[in-house]
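Notes follow the structure.
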């Protein structure tokens, strides 16, 4: 039992290693972009440690540079994170029997990488004991989350020293595009993305961020409806 | 950026609590309650529903060039998207975008 926990922890850690090369530059970029936008190093670290969600942090940062109302910044960032309710639902059958405090810790570390790898692992071996499943999940989180904090700090400290010729204003759009492109997996994802662009541009005259929330709602509906339509056609 | 220190920290804490509650939601409720299919179907599209709409105006009217369309930034955006689509790799896409941006800025002066 203890042995399977220990080996599962190391296996999770090993499986998570490839994500290090994604997390480190992404963290540096958030640190740089955050200080460039005018946040203090403590505030940049606050985002990274309290929120721990790269895409939502970049979203909030962008809307803050546009001086959007705080309630709109909050709502948009949380919409970006809504996908994690889906992760929580998928993990609940496997980890839901853990004590309350452990589930709270697991929830804090329930990010794209820990969810994705754990889902694959639990599908592969659904009958392992609870302790072994938790060990695997925490093994994935163990290197990734501390590196996320550390390299955000490195970026925040370095950021203030980088001159404007480096066009760092464009680091945020490039990061977003680089996150979107690999996510365009199906026709439904592509149509959702196009809807988001068209509606957001059409509503660009609304107060900062408001058009984006409407665009996101429209895009989610288009994605879901396209998926339904594709399923019916296949049936 | 024009927020008071209090507003920024309030935002950080509210985002942290909101994000935690989203992550905790179903893990928090004991037992394996399943989300209805129609909810899952919408949640699947949240990242691609928000990020493209956020990024489109930034590409068309970038802040760094004072809001005027800028060929170097447009080329960088196109390269990022194409390499991201071709390789499915976020890091490869970021590198392609950065190289194109600096390359185009150098060539176009």
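The values are calculated or read from the model by the stated rules, or taken from the named source; none is laboratory data. In this text, all values refer to a predicted model and were calculated from it rather than measured experimentally. Cβ sites come from the backbone with ideal geometry, for glycine too, and all protein chains shown count toward neighbours.
Note on region A:79-118: residues that are more than 7 Å from chain B (Cβ to nearest Cβ), in a helix (DSSP H, G or I), surrounded by fewer than 19 Cβ atoms within 10 Å (Cβ to Cβ) and at pLDDT 90 or above amount to 4.
Regarding region A:202-213, can at least one residue be identified that is modelled with pLDDT of 90 or more, facing chain B (nearest Cβ under 8 Å) and in a helix (DSSP H, G or I)? Looking through region A:202-213, none of the residues is modelled with pLDDT of 90 or more, facing chain B (nearest Cβ under 8 Å) and in a helix (DSSP H, G or I). If only one of B:21, B:82, B:40, B:58 is facing chain A (nearest Cβ under 7 Å), surrounded by fewer than 17 Cβ atoms within 10 Å (Cβ to Cβ) and assigned to a helix (DSSP H, G or I), which one is it? Going through B:21, B:82, B:40, B:58 in turn, just one is facing chain A (nearest Cβ under 7 Å), surrounded by fewer than 17 Cβ atoms within 10 Å (Cβ to Cβ) and assigned to a helix (DSSP H, G or I): B:40.
Scan region A:9-18 and give yes if some residue there is buried (at least 20 other Cβ atoms within 10 Å of the Cβ) and within 29 Å of residue A:181 (Cα to Cα), otherwise no. Taking every residue of region A:9-18 in turn, at least one turns out to be buried (at least 20 other Cβ atoms within 10 Å of the Cβ) and within 29 Å of residue A:181 (Cα to Cα). In the set A:171, A:219, A:193, only one residue is in contact (Cβ under 8 Å) with a residue 12 or more places away in the chain, in a helix (DSSP H, G or I) and more than 12 Å from residue B:50 (Cβ to Cβ); that residue is A:171. Here the condition is being modelled with pLDDT of 85 or more, within 19 Å of residue A:54 (Cβ to Cβ) and buried (at least 17 other Cβ atoms within 10 Å of the Cβ); of A:180, A:197, it holds for A:180 alone.
Summed over region A:154-168, the residues that are surrounded by fewer than 20 Cβ atoms within 10 Å (Cβ to Cβ), more than 9 Å from chain B (Cβ to nearest Cβ) and assigned to a helix (DSSP H, G or I) give a count of 3. Here is a check on your reading of the model: is residue A:51 within 8 Å of chain B (Cβ to nearest Cβ), under 22 Å from residue A:193 (Cβ atoms) and either buried (at least 22 other Cβ atoms within 10 Å of the Cβ) or touching a helix residue (DSSP H, G or I) at 6+ places or on another chain (Cβ under 6 Å) (or both)? No: the conditions fail for residue A:51. Within this structure, residue A:44 fails the test of being modelled with pLDDT under 95 and either surrounded by fewer than 22 Cβ atoms within 10 Å (Cβ to Cβ) or in a helix (DSSP H, G or I) (or both). Out of curiosity, is residue B:49 more than 7 Å from every other protein chain (Cβ to nearest Cβ), surrounded by 22 or more Cβ atoms within 10 Å (Cβ to Cβ) and either modelled with pLDDT of 85 or more or in contact with a helix residue (DSSP H, G or I) (Cβ under 8 Å, 6 or more places away or on another chain) (or both)? Spelling it out, it is not the case that residue B:49 is more than 7 Å from every other protein chain (Cβ to nearest Cβ), surrounded by 22 or more Cβ atoms within 10 Å (Cβ to Cβ) and either modelled with pLDDT of 85 or more or in contact with a helix residue (DSSP H, G or I) (Cβ under 8 Å, 6 or more places away or on another chain) (or both). Checked across region A:58-72, the condition of being out of contact with any helix residue (DSSP H, G or I) (no Cβ under 8 Å at 6 or more places or on another chain) and without any contact (Cβ under 8 Å) to a residue 40 or more places away in the chain holds for at least one residue.
A single entry from A:61, A:39 fulfils the requirement of being more than 21 Å from residue B:49 (Cα to Cα) and surrounded by 22 or more Cβ atoms within 10 Å (Cβ to Cβ): A:39.
The residues of region A:119-133 that are in contact (Cβ under 8 Å) with a residue 60 or more places away in the chain and either buried (at least 17 other Cβ atoms within 10 Å of the Cβ) or over 17 Å from residue A:103 (Cα atoms) (or both), listed by number, are A:121, A:128, A:132, A:133. Selection of first residues in region B:97-109 that are farther than 11 Å from residue B:79 by Cβ and of second residues that are not in a loop (DSSP other than H, G, I, E, B), restricted to Cβ pairs under 6 Å at least 6 apart or on distinct chains, gives the following pairs, ordered by first then second residue: B:105/B:72; B:108/B:72.
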